[in-house]
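J.: Quick one: the structure is below, questions incoming.
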Amino acid sequence: MIGFKRVKKSKLKLYMNYPVHDMVNMGSKPSQGYNERDLPSFVDKMVNDMNKGSIVLLCDGAYGNGGEELILKMISEKTSLFNLGSYAGWNTSSNTLGTVLSQGMLISLFGKRNLDDDFLALRVYEDVGYCGAVRWHVWHEVVEKYGYSYYDIGETDGIIAKIIKEEIDEYIADWLSGHQAIAIGEDGLVYGRN
């Protein structure tokens, strides 16, 4: 049986980045719901909570298929992204929220460790770098040029995997110095589809 205890003040602060209405996929024109958000105030509140010692969890569901570059750039202009407790911007809200909450709970129980920063870097690398930026470009402009498709990009360590890795590394280098190579390493892609 699972029980809950009411606490007056929690160190965990969950922030959920979503449009006010009408979510779209990355690569689509943002709806008016994106313009109606007050991201500067939202980011200021997150950074303020980080500065007060809270474990800030960012559930990035702004787009249906990847993390939002804009919010992470706004955070990184004010503080290190590694001051976030956890971040995720997966392709579904349930994956995103589950990742953020579970990682946040681990940090609240065991403190922040190097592997937590590596996991945060991995999420930014994959969710914003790959899902949010590079995947759309590779799928629409690169894959067919090499005779492949969305569902078949050849070998998991082939030419498409190399292009993806190079583009992500280039895209994200400014944000994640020292952590760029953790998502797609020596073993190549996890599976042979985009």
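J.: So F119 passes all but one of these: (1) farther than 20 Å from S10 by Cβ; (2) outside any loop (DSSP other than H, G, I, E, B); (3) over 15 Å from the mean Cα position of the chain (by Cα). Which condition number does it fail?
T.: (3)
J.: Among the residues of the stretch 92-116, which ones are open to solvent by 70 Å² or more (accessible area, probe 1.4 Å) and in a loop (DSSP other than H, G, I, E, B)?
T.: K112, R113
J.: Let me ask you something else. Which members of the stretch 18-34 meet the condition of being free of Cβ contacts under 8 Å to residues at least 40 places away in the same chain and assigned to a loop (DSSP other than H, G, I, E, B)?
T.: Within the stretch 18-34, V20, H21, D22, S28, K29, P30, S31 qualify.
J.: What about W139, is it of a type in the set (F, W, Y), in contact (Cβ under 8 Å) with a residue 24 or more places away in the chain and not in a helix (DSSP H, G or I)?
T.: No, not satisfied.
J.: Check the stretch 98-116 and report whether any residue there is among the basic types (K, R) and out of contact with any Gly (no Cβ under 9 Å at 6 or more places or on another chain).
T.: Within the stretch 98-116, the subset among the basic types (K, R) is 112-113.
Keeping just the survivors that are out of contact with any Gly (no Cβ under 9 Å at 6 or more places or on another chain) gives 113.
For the stretch 98-116, residues among the basic types (K, R) and out of contact with any Gly (no Cβ under 9 Å at 6 or more places or on another chain): present.
So that you can scan it fast, the table gives a plain yes or no per residue for (1) polar (S, T, N, Q); (2) assigned to a helix (DSSP H, G or I); (3) at pLDDT below 90; (4) open to solvent by less than 70 Å² (accessible area, probe 1.4 Å):
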{"site": "R6", "(1), (2), (3), (4)": "no, no, yes, no"}
{"site": "K13", "(1), (2), (3), (4)": "no, no, no, yes"}
{"site": "M16", "(1), (2), (3), (4)": "no, no, no, no"}
{"site": "S41", "(1), (2), (3), (4)": "yes, yes, no, yes"}
{"site": "V47", "(1), (2), (3), (4)": "no, yes, no, yes"}
{"site": "L57", "(1), (2), (3), (4)": "no, no, no, yes"}
{"site": "K73", "(1), (2), (3), (4)": "no, yes, yes, no"}
{"site": "Y87", "(1), (2), (3), (4)": "no, no, no, yes"}
{"site": "W90", "(1), (2), (3), (4)": "no, no, yes, no"}
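J.: Next up: Identify, by number, the condition in (1) modelled with pLDDT under 85; (2) open to solvent by less than 80 Å² (accessible area, probe 1.4 Å) that D157 doesn't meet.
T.: Of the numbered conditions (1) modelled with pLDDT under 85; (2) open to solvent by less than 80 Å² (accessible area, probe 1.4 Å), the odd one out for D157 is (2).
The values are calculated or read from the model by the stated rules, or taken from the named source; none is laboratory data. Given the structure is predicted, the values throughout are model-derived calculations rather than measurements. Methodologically, a virtual Cβ is constructed for each residue, glycine included, from the backbone with ideal geometry; neighbour enumeration extends over all protein chains shown. These area figures cover heavy atoms from the full protein model, side chains too; ligands, DNA and RNA do not enter into them. Shrake-Rupley method; radii C 1.70, N 1.55, O 1.52, S 1.80 Å.
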